[in-house]
Amino acid sequence: MFKTLNQRISIVLLVLAIVYLILAFQLPSFAYTNIDADVVPKGLGFLLVALSIGLFFAKDSETEEQRARRNIPQKDIGALLAVFAFVFLYIFFLELLGFVVTTAIFIFGCSWFLGYKKHVVNALVSVLFPLVMYLLFTSFLQINLPQGILPF
């Protein structure tokens, strides 16, 4: 029934989009707003439904070159799993250590692991980026981010 890889992927994406839309329709609505908080999630859900249907009917035959590119070398799978572990640790420590500290450690550690050799530049970006983002979110946008162990 599902002859091509695109058709199989589109079915998975369609199921994911339907589950996502079910959850998006459960978001609470607010009485005194013109555009509610659920507009973007619902729009993205319907867009994913439309794109997955389009992918199902796409006339793309898979060539041998495309099949060969789909094979991921074993060392790259290890790197992908390590980055997933970094992301999991980032999520786990975000509330405990705070946004600035966790993000700085994540950016530096991930960049170092993936082979970036300029450690001074890496350290500067790893510290300055989360600080600027934290200040932008807390001061200008009035959105609280986890402060963790830092006093601000």
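The values are calculated or read from the model by the stated rules, or taken from the named source; none is laboratory data. Since this is a predicted model, take the numbers as computed values, not measurements. For neighbour counting, all protein chains shown are included, and Cβ atoms are generated from backbone atoms with ideal geometry for every residue, glycine included.
Of everything listed in (1) in a helix (DSSP H, G or I); (2) aliphatic (A, V, I, L, M); (3) closer than 30 Å to residue 4 by Cβ, the single unmet condition for residue 132 is (3). Of the residues that make up region 53-76, is at least one under 19 Å from the mean Cα position of the chain (by Cα) and surrounded by 12 or more Cβ atoms within 10 Å (Cβ to Cβ)? Within region 53-76, not a single residue is under 19 Å from the mean Cα position of the chain (by Cα) and surrounded by 12 or more Cβ atoms within 10 Å (Cβ to Cβ). Just one of the numbered conditions (1) within 27 Å of residue 78 (Cβ to Cβ); (2) at pLDDT 95 or above is not true of residue 117: (2). The set of residues in region 114-129 being touching a helix residue (DSSP H, G or I) at 6+ places or on another chain (Cβ under 6 Å) and not in a helix (DSSP H, G or I) consists of 116 alone.
Mind checking which helices (runs of 4 or more DSSP H) fall wholly inside region 1-113 and carry at least 1 residues that are in contact with a Pro (Cβ under 7 Å, 6 or more places away or on another chain) and either within 29 Å of residue 132 (Cβ to Cβ) or assigned by TED's automatic domain parsing to the domain that holds residue 130 (or both)? Full working, then the answer.
On the way: elements: 5-24, 39-56, 64-70, 74-97, 99-113.
It comes to 74-97, 99-113.
Mind checking which residues of region 26-52 are aromatic (Phe, Trp, Tyr) and surrounded by 11 or more Cβ atoms within 10 Å (Cβ to Cβ)? Before the answer, list the steps.
Going through region 26-52, the residues aromatic (Phe, Trp, Tyr) turn out to be 30, 32, 46.
Result: 46, single match.
Return the only residue of 86, 93 being free of Cβ contacts under 8 Å to residues at least 40 places away in the same chain and touching a Cys at 6+ places or on another chain (Cβ under 6 Å).
Working: 93 fails: touching a Cys at 6+ places or on another chain (Cβ under 6 Å).
Being free of Cβ contacts under 8 Å to residues at least 40 places away in the same chain and touching a Cys at 6+ places or on another chain (Cβ under 6 Å) holds for just one of 86, 93, which is 86.
Among the residues making up region 134-152, a single one is in contact (Cβ under 8 Å) with a residue 24 or more places away in the chain and polar (S, T, N, Q): 147. When we screen 81, 96, 114 for residues that are within 22 Å of residue 152 (Cα to Cα) and out of contact with any Ser or Thr (no Cβ under 7 Å at 6 or more places or on another chain), the only hit is 96.
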